[in-house]
Every structure is written in C-alpha cells, then in structure tokens.
1. What does the highest-first list of 31-42, 83-94 look like by mean Cβ count within 10 Å?
2. How large is the convex hull of the Cα atoms of segment 2-93 per residue, expressed in Å³ as a whole number?
3. Show me, for segment 100-111, the HN-Hα J-couplings you get by feeding each phi into the Karplus relation (A = 6.51, B = -1.76, C = 1.60, θ = phi - 60°), rounded to Hz, glycine and proline as x.
4. Could you name the lysines whose alpha carbon sits less than 24 Å from that of Lys28, not counting residues in the same chain fewer than 8 places away?
5. Under the Karplus relation 6.51 cos²θ - 1.76 cosθ + 1.60, θ = phi - 60°, what is the ordered set of whole-Hz ³J(HN,Hα) values for segment 41-47, x standing for Gly and Pro?
6. Under the Karplus relation 6.51 cos²θ - 1.76 cosθ + 1.60, θ = phi - 60°, what is the ordered set of whole-Hz ³J(HN,Hα) values for segment 78-94, x standing for Gly and Pro?
7. Counting each DSSP H run of 4 or more residues in the chain as -39500 (n - 2.57), what helix-only mean residue ellipticity at 222 nm follows after dividing by all residues, to the nearest 500 deg cm²/dmol?
8. Amide H of Tyr11 versus every other amide H placed in the peptide plane: which residues, excluding those fewer than 5 positions away on the same chain, fall under 5 Å?
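Read-outs: derived from the displayed coordinates by stated rules, not from any lab. All figures in this text were calculated on a predicted structure; none of them were measured in a lab. Every residue, glycine among them, receives a Cβ derived from its backbone with ideal geometry; neighbour counts consider all protein chains shown.
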Amino acid sequence: MKFLTHKGKRYRIEEIDYGFAFVVSNGKTKWLQINKHLAEFPKLYKRIIKHEKEHLDSKNPHIDFWTDFKAGFMYDKDLLKFMQRYPRSFLAYLPVFKENGVWGCNWYLILIYGISLLLFGIVAFLLLRHFIF
C-alpha cells in the first residue's frame, strides 16, 4: 500500500484504473485515488499529485472548483497522450459514477455542463433570432 505525506499527515493512495486522480473522503478520513497508469508519465504524475495536494488543503468545496479551474489540465499535451493510451480515463468527465456498488454524482461537472448548455442555448437563440427573424 502506498502513502503520501503532506503537511505532517499521511494519506493512503488507492490505485484505480479509471479517471485520473481524486481526493476521497468518508467524513472522517481523506485518501487519494490515483490511476495506476499515471506512473508511466512521471511529469504528469508529479503535476497531478501537486494538484491533489491543493485539494487536500482546501476546506471549502467552492475553492475546490477554482483549484480545478485554474489547474490548466484541459489543454495539457501529456494528459491528452495519457487519455489516448488509456481511454477509461475519460470516465473522469462523466457527471455520474458508480463506485463500490453505490451511485454518486459530481456536482461540479453537473454545474459546468449545465452552464455550458445554457450559454450555448442563449447564443444559438440569439443567432437564430438575428438571422431568421
């Protein structure tokens, strides 16, 4: 079993074969889930560990949203290569998931997708209104 020490605390690292990395909590303890294939991409692995440490530091879920937003992984070439080699990593972008037989949802993704659809709808409506009416 692997562990990560951060600011004097030890966090268990659970290896997974989907997504990238997640900080998981059961209310009492936190641990990391990290895609076992990330070790093949050392630079990306270090960046993702650094990013997950920022999540471990945050006490406010709204800060987590900005931590993800400012991370800049969206256009990372190493991440895209990783996703091409391991397509199950795309599961990180699904807003619903099933883990250990329990269904859950990622509210951040639902919010982001909802806002994106709303903005797309408004722009489409305005364009149609301008060119058709």
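1. 31-42, 83-94
2. 101
3. So the J values, rounded to whole Hz, are 6, x, 10, 7, x, 9, 9, 5, 5, 5, 4, 4.
4. Partners found: Lys2, Lys7, Lys9, Lys50, Lys53, Lys59, Lys98.
5. These are the phi-based 3J(HN,Hα) values: 10, x, 5, 5, 4, 5, 5 Hz.
6. Karplus-based 3J(HN,Hα) across segment 78-94 equals 5, 5, 5, 4, 4, 5, 5, 6, 10, x, 5, 5, 4, 4, 5, 9, 7 Hz.
7. Helices in the chain give a 222 nm mean residue ellipticity of -15000 deg cm²/dmol.
8. HN-HN under 5 Å from Tyr11: Leu4, Thr5, His6.
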